[in-house]
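Working notes, structure below.
The values are calculated or read from the model by the stated rules, or taken from the named source; none is laboratory data. This one's a predicted model, so the numbers in the text were calculated from it and none came from an experiment. Cβ placement follows ideal geometry from the backbone for every residue including glycine, while neighbour counts extend to all protein chains displayed. The area values use the complete protein model at the heavy-atom level, side chains included, leaving out ligands, DNA and RNA. Shrake-Rupley method; radii C 1.70, N 1.55, O 1.52, S 1.80 Å.
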Amino acid sequence: MNRTLPACLWYALAILLLVPGGAGAKDSIYEQKMARGVLAFESGKFPEAAVEFQAALSETPDDPAATLYLGISLSRTGDPRAESTLKRAVALNPKDARANFELGVLYYQRNIPEEANDYFETAASLSPGSEIATRSQEFRKAAGGRRGTVAKPWAVSAGLRGEYDSNVILAPSGASLPQGISRKSDYRTVAFLDGRYRFLSGPRGSLSAGYGLYRSWHRDITAFDVIRHALDLRGAISVSSIASVEAAYTFEYVDVSSEMFDYSHGAGVGVTVREGKAHSTSLRYQFRHSGYGAAELFPSNPDRDGDTHLVGVTQRASFGKNLSASAGYAHDEDRAKRSWWNAKGDKGFLAIGASLPYRAGLGLHGEYSRRRYGDVDPQFAVIREDRTATVSATAGISITDHCGFSVGYAYVRNDSSIPALEYTRSITSATLTTRF
């Protein structure tokens, strides 16, 4: 395969980002906001989705679809406006089974079974034989002896993935090691768990904490089995109708073959500005301190202890009803204990997401990075410089509201001033995910 993407492909991707999709027309603006809202909604980013659906309603007031999606998003975050919004959705389209069902769910969560059952009954009668009808009957049955709950402030997702890796590389936190290139292919199973608790969520701001677990098992190269724990605390404040400020603290701990590989913790701040109706720009700064363990496989790992500073910019845009894209650039600097691990890096990326019929979606991602180290590597007697190109594609479908399946492919090529560190790699995967 060529060392870089063909020029025509980069050109086509750039056109998707730069050519406006009729943004001057009111209908087009509405479609763009709806598309961004649906993508955020399907990703479980309900506060972000609510902002987009509210913007769509400002362009097309009393639109049934935007009103319904806004009501569902508010309901998922426990926003008190959810009830009035879902009632408005039912009033705009009384024969919408989904609107009646979602209002029933809201009353079910609030322990108002009489109201809930009325809407579940209506939803079932409007869509006989459908999944909505089946779920409405299940809720009506459960409502009989149930003591109510409020809208949950938490979200949990878990998944299981099977992968085939043509060249297993140990790269926690995105930092590959010379010893971490196996030159061997292998199958692995990956299990992951992500949870988030929202302390505060609304149009004025948000505060949440999250935990992530990643665990891999290789069939043959068990020395590269990884366990990763990640914690974060994130907050955001809207400072105006077009701008918000975000901040985050993160902690990560990685084990390799049951020995500590590294830990890191750091903080970041960012600003997002929405320019017009169809796109936004985010600026961010991140600081991270990392410490590495002297594991049996990597005895000189502590030489890499140090700090990382990163600055970046990301541009996001919507094109038409079902297409979105983002592009960005980041510069980072590593300041390590040993000078040959000091490094400066630059990375650019481009990503495209598309919503397809039947609750399916497609994602494309490409990035190119260059990294130059600060001193002669004592193991190879030259200054190391890496240039890495990555392209990936993912296709997925939501089987139900709580379960999804996706397949993916990624290709990586690393060119280095040290021939022993050059490699190519491809990963094929299939993932089953469930959300609670």
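With R₀ fixed at 25 Å, the C-beta to C-beta distance from Met260 to Ala393 puts the FRET efficiency at about 0.15. Hull volume per residue, based on the alpha-carbon atoms of segment 283-436 and their convex hull, is 156 Å³.
The simple Förster model, with R0 at 41 Å and r as the Cβ-Cβ distance, assigns Arg370 and Phe405 a FRET efficiency of 0.70. Computing Rg and the Kirkwood Rh from the Cα coordinates of segment 85-143 gives a ratio, Rg/Rh, of 0.94. Under 12 Å from a label point set 7 Å out along the Cα-to-Cβ vector of Ile383, the amide N atoms of segment 325-340 belong to 340. Relative contact order of the chain, taken over Cα pairs closer than 8 Å and 6 or more residues apart, is 10 percent.
May I ask you to give the solvent-accessible area per residue for the chain, in square angstrom, as obtained with a 1.4 angstrom probe? Write out the running numbers ahead of the final one.
Working: 22040 Å² over 436 residues.
Accessible surface, normalised per residue, equals 51 Å².
Hey, if you put +1 on the Cβ of every Lys and Arg and -1 on every Asp and Glu Cβ in the chain, which of Val269, Pro61, His331 ends up farthest toward the positive end of that dipole? The residue sitting most towards the positive pole is Pro61. As a fraction of the 1.4 Å probe accessible area of segment 93-137, surface on carbon and sulfur atoms comes out at 47 percent. For segment 308-395, chymotrypsin sites (Phe, Trp or Tyr not before Pro) are listed when DSSP marks them as loop and at most 11 other Cβ atoms sit within 10 Å of their Cβ; the list is Tyr358. Could you compute the net charge surrounding Ser185? Neighbours are other residues with a C-beta less than 15 Å from the C-beta of Ser185; K and R count +1, D and E count -1. Local charge sum for Ser185: +1.
In plain terms, the chain is cut at each of the GluC sites (Glu not before Pro) found in a DSSP loop with at most 16 other Cβ atoms within 10 Å, and the longest leftover piece is 1-295.
Under the √(5λ) rule applied to the eigenvalues of the Cα gyration tensor, what semi-axes describe the equivalent ellipsoid of segment 228-338? Give them in Å, descending.
On the way: eigenvalues 246, 43, 36 Å².
Working through the eigenvalues yields semi-axes of 35, 15, 14 Å.
Computing Rg and the Kirkwood Rh from the Cα coordinates of segment 58-112 gives a ratio, Rg/Rh, of 0.95.
For the residue pairs Lys45/Lys87; Lys45/Lys184; Lys45/Lys337; Lys33/Lys141, the alpha carbons lie more than 29 Å apart in Lys45/Lys184; Lys45/Lys337; Lys33/Lys141. By the Kirkwood approach, averaging reciprocal distances over each pair of separate Cα atoms, segment 265-306 gets a hydrodynamic radius of 13.4 Å.
Can you work out D for segment 332-382 in µm² s⁻¹ from Stokes-Einstein, where Rh is the Kirkwood radius over C-alpha pairs, the temperature is 4 °C and the viscosity is 1.567 mPa s?
Working: Rh = 13.9 Å.
Roughly 93 µm²/s, to the nearest whole number.
State, to one decimal in nm², a quarter of the convex hull surface area for the C-alpha atoms of segment 24-149, i.e. the direction-averaged projected area. Kindly include the intermediate steps, with their values, before the conclusion.
Details: hull surface 30.0 nm².
Quarter of the Cα hull surface area: 7.5 nm².
Need one number: the % of Cα-Cα pairs in segment 211-275 sitting beyond the 17 Å mark. Spell out each step's value before the answer.
Numbers: 1185 of 2080 pairs.
For segment 211-275, the fraction of Cα-Cα distances above 17 Å is 57 percent.
The rule of thumb for compact globular proteins, 2.2 N^0.38 Å, goes into the C-alpha radius of gyration of the chain 1.09 times.
Relative contact order for segment 176-287: what percent, with Cα pairs under 8 Å and sequence separation of 6 or more?
Working: 235 pairs, mean separation 19.0, N = 112.
That works out to 17 percent.
Around the Cα centre of segment 272-328, unit charges on the Cβ atoms of Lys, Arg, Asp and Glu (plus for the first two, minus for the last two) sum to a dipole of about 620 debye.
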